[in-house]
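One structure below.
The values are calculated or read from the model by the stated rules, or taken from the named source; none is laboratory data. Keep in mind that this is a model prediction, so the values were computed, not measured. Glycine gets a Cβ as well: all are built from the backbone with ideal geometry, and neighbour counts include every protein chain shown.
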């Protein structure tokens, strides 16, 4: 069974960079500063060069248009344009950082949360998707708890 890791949309990233406001929550401003953490960027799915790259933080709802209950939280993108991740495998830029997989059923209920073991990402994703009830997954930062990317069956 194949899957896709889906970062935030190019439109969201473009709109945030242009307006410095969360496109989903227009009353909430975005902020840019020198990266003091690794991130990663929710667009290219690469870590930040701490102390030298600028990153923009904004409020993002990863389930907008998918689930009824919003799940807003802070995310980071490169302040400068970056190439959005597109690929048929687990992003190399995410390997080695502490993460969790959250498996949700089609109604949005959390079915399982597992810590990602470096080097076993494919196996763990396929194992969670083997449960027919699982409709989608989120990758979350295991240190900060924030959303990184969505995983869907392809």
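Couple of notes before you dig in:
- Of all residues in segment 43-79, those that are exposed (fewer than 13 other Cβ atoms within 10 Å of the Cβ) and touching a residue at least 40 places away in the same chain (Cβ under 8 Å) total 1.
- Residues that are farther than 15 Å from residue 48 by Cβ and touching a strand residue (DSSP E or B) at 6+ places or on another chain (Cβ under 7 Å) within segment 67-87 comprise 72, 73, listed in sequence order.
- Flag for residue 84 being within 17 Å of residue 151 (Cα to Cα) and surrounded by 15 or more Cβ atoms within 10 Å (Cβ to Cβ): yes
- Strands (runs of 3 or more DSSP E) wholly inside segment 21-133 that include at least 1 residues being at pLDDT 95 or above, on the phi < 0 side of the Ramachandran plot and outside the structural domain of residue 146 (by TED's automatic domain parsing): 31-34, 54-60, 73-78
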